[in-house]
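Structure, as structure tokens:
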Amino acid sequence: MTAALTATSIAPDPNPLDDARSQLAEAVKLLGYDESVYQLLAVPRREVTVSIPLRRDDGSHEVLIGHRVQHNFSRGPAKGGLRYAPNVTLDEVRALAMWMTWKCALLDVPYGGAKGGIRLDPRAHSQAELERITRRYTSEISPIIGPDRDIPAPDIGTDERTMAWMMDTYSVQQGHTVLGVTTGKPISLGGSLGRATATSRGVQHVALAALASRGIPVQGATAAVQGFGKVGRYAARFLAESGMRVVAVSDQYGAVADEKGLDIVALEEHVDRNGSVVGFVGSDVIDGDALLELEVDLLVPAAVEGVLRADNAPRVKAKVIVEGANGPTTPEADEIFSSNGILVAPDILANAGGVVVSYFEWVQSSQAFWWSLDEVEARLAERMDVAWDAVAKHAAKLDVPLRTAATALAVERVAEAHRLRGLYP
Ligand SMILES: NC(=O)C1=CN([C@@H]2O[C@H](COP(=O)(O)OP(=O)(O)OC[C@H]3O[C@@H](n4cnc5c(N)ncnc54)[C@H](OP(=O)(O)O)[C@@H]3O)[C@@H](O)[C@H]2O)C=CC1
Ligand SMILES: O=C(O)CCC(=O)C(=O)O
């Protein structure tokens, strides 16, 4: 990483759980369900907080805090990513777990929702430390995970190595290799072709459908992408490959812009060498927050929660927002976008490509039979298209925003599973 880089601050959302619960309350009301359904779904089914003693490479000690929240199991084992970030909180993990439940139901993958997090800055730890942290966390949560219980995957700050360590630690405890305990693993260790790019591929599908729904031609349309990690990087690449002009991208150190369109492949090489988009030759430097307010056809927030809020939403000029991140838009900002005619393709639809291909990975591991990339991508495209159509039609029928329609469809499926299992009146 370039030594001079300093993280710029986007103040974190005060509490994403409030946002998630307010979306749930709206869906319950729209569906005409009574308060008991809200009570059932507003609170996670199970959550575990663990302390992780770490011996650092320099011999000093510290204790880290980790969480795993399982929001719901009504449709199958819980599923969701594991996040390593310095500002992880239990309420954030609860919100992310709830959104996973809706996402899995909406895409009709046979899972409930979960999420995990450890409060740490991964860049402040060596690979050896990260491995020790991951293995200890996995041991601590191993009683509640497993291919039929809860299947972690990568999220912010984690990657395929993290998933390999988790899988190995769990397998050692079980006494045999259990590939299906995590997804997002390396290809040579039971990972699926297409998983690393799946979330961004899904973002691309939804972006193209959303632009078409607004009559915006893709060729030459402009896009800005916040975040250049596992999701943002490939989203920018795929949007550029679709013919769009990606005019700005950012990471936590800053943002770069070029109104002629950034060369995304060259930018990726720059980031691999320097650890940030900052300093990309030929680009203009812009403020990270200003990226969100550029006059573009498409805005893809692909970093963290709560970046589009009541304070900046009135200045957002994008015609379409496609949420690569989870929870980037607060309910107050949603209302502003709705009255300003800005189309928001919600996270539980737009970034669902990752969990869809995680599901494919889990299916492939359980059959020990691996699919080609074309097969994975064709099946992903079909699921994303079906989900987009269902949400767009439902929104049109009810005359509500896409998020309201998507959450209502998902909550209805989860509530139906509870009803059929006899778990609520
Ligand atoms: N990975 C996946 O499969 C899925 C991820 N998501 C969601 O997508 C989002 C991104 O996840 P992912 O790409 O995996 O995570 P990564 O850790 O790979 O990347 C996160 C990116 O966001 C940037 N970032 C962090 N904080 C800020 C900030 N304050 N302002 C601007 N940029 C910032 C990081 O910058 P830097 O590089 O400088 O650290 C990095 O580029 C999250 O909301 C995640 O929950 C949703 C579905 C699936
Ligand atoms: O791939 C998965 O299982 C979950 C990915 C994830 O964390 C998410 O969709 O937010």
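So which residues in segment 319-347 are in contact with a Ser or Thr (Cβ under 9 Å, 6 or more places away or on another chain) and closer than 15 Å to V203 by Cβ?
V320, I321, E323, G324, L343, V344, P346, D347
I need the full set of residues from segment 325-367 which are of a type in the set (F, W, Y), more than 9 Å from ligand 2 (Cβ to nearest atom) and under 21 Å from E377 (Cβ atoms), in order please.
Selection gives F360 alone.
May I ask you to list pairs of residues, at least six apart or on different chains, whose Cβ atoms are under 7 Å apart, with the first in segment 214-236 being within 19 Å of N340 (Cβ to Cβ) and within 16 Å of ligand 2 (Cβ to nearest atom) and the second being assigned to a strand (DSSP E or B) and of a type in the set (K, R)?
From segment 214-236, no pairs qualify.
Could you identify the single residue in V391, V376, V344, V400 that is touching a residue at least 60 places away in the same chain (Cβ under 8 Å) and within 16 Å of ligand 1 (Cβ to nearest atom)?
Exactly one residue qualifies, and that residue is V376.
Does V414 fit the bill of being within 21 Å of the chain's Cα centre (by Cα) and not hydroxyl-bearing (S, T, Y)?
Yes; evaluated as a whole, the condition is true for this residue.
Considering only segment 195-206, state which residues are within 17 Å of T182 (Cβ to Cβ) and either at pLDDT below 95 or crowded, with 24+ Cβ neighbours inside 10 Å (or both).
R195, A198, T199
Got a number for residues in segment 131-151 being closer than 13 Å to L82 by Cα and outside any helix (DSSP H, G or I)?
Total satisfying the criteria: 3.
Just wondering, is there one or more residues in segment 158-172 that are over 25 Å from V386 (Cα atoms), within 16 Å of ligand 2 (Cβ to nearest atom), under 15 Å from the mean Cα position of the chain (by Cα) and buried (at least 22 other Cβ atoms within 10 Å of the Cβ)?
There is at least one residue in segment 158-172 that is over 25 Å from V386 (Cα atoms), within 16 Å of ligand 2 (Cβ to nearest atom), under 15 Å from the mean Cα position of the chain (by Cα) and buried (at least 22 other Cβ atoms within 10 Å of the Cβ).
For segment 210-236, what are the residues that are surrounded by fewer than 21 Cβ atoms within 10 Å (Cβ to Cβ) and out of contact with any Leu (no Cβ under 9 Å at 6 or more places or on another chain)?
A212, G215, Q219, G220, G229 - these are the residues of segment 210-236 that are surrounded by fewer than 21 Cβ atoms within 10 Å (Cβ to Cβ) and out of contact with any Leu (no Cβ under 9 Å at 6 or more places or on another chain).
I'm trying to understand the selection: among the residues of segment 209-234, which are in a helix (DSSP H, G or I) and out of contact with any helix residue (DSSP H, G or I) (no Cβ under 9 Å at 6 or more places or on another chain)?
Answer for segment 209-234, where residues must be in a helix (DSSP H, G or I) and out of contact with any helix residue (DSSP H, G or I) (no Cβ under 9 Å at 6 or more places or on another chain): L211, A212.
Go through segment 152-195 and give me each residue that's assigned to a helix (DSSP H, G or I) and touching a strand residue (DSSP E or B) at 6+ places or on another chain (Cβ under 9 Å).
E160, T162, M163, M166, Y170, Q174, G180, V181, R195
Is there a residue in segment 377-389 that is surrounded by 12 or more Cβ atoms within 10 Å (Cβ to Cβ), more than 23 Å from the chain's Cα centre (by Cα) and farther than 18 Å from C104 by Cβ?
No.
So how many residues does segment 57-108 have that are under 17 Å from G353 (Cα atoms) and among the aromatic types (F, W, Y)?
Qualifying residue count, segment 57-108: 2.
Which one of these is within 29 Å of P401 (Cβ to Cβ), small (G, A, S) and modelled with pLDDT under 95: G220, G243, G229?
Just one listed residue meets the conditions, G220.
Considering only segment 70-95, state which residues are closer than 21 Å to T162 by Cα, under 16 Å from the mean Cα position of the chain (by Cα) and of a type in the set (A, V, I, L, M).
A78, L82, A85, V88, V93
The values are calculated or read from the model by the stated rules, or taken from the named source; none is laboratory data. Remember, predicted model here, so these are calculated numbers, not experimental data. Note that we place each Cβ from the backbone using ideal geometry, even for glycine, and neighbour counts take in every protein chain shown.
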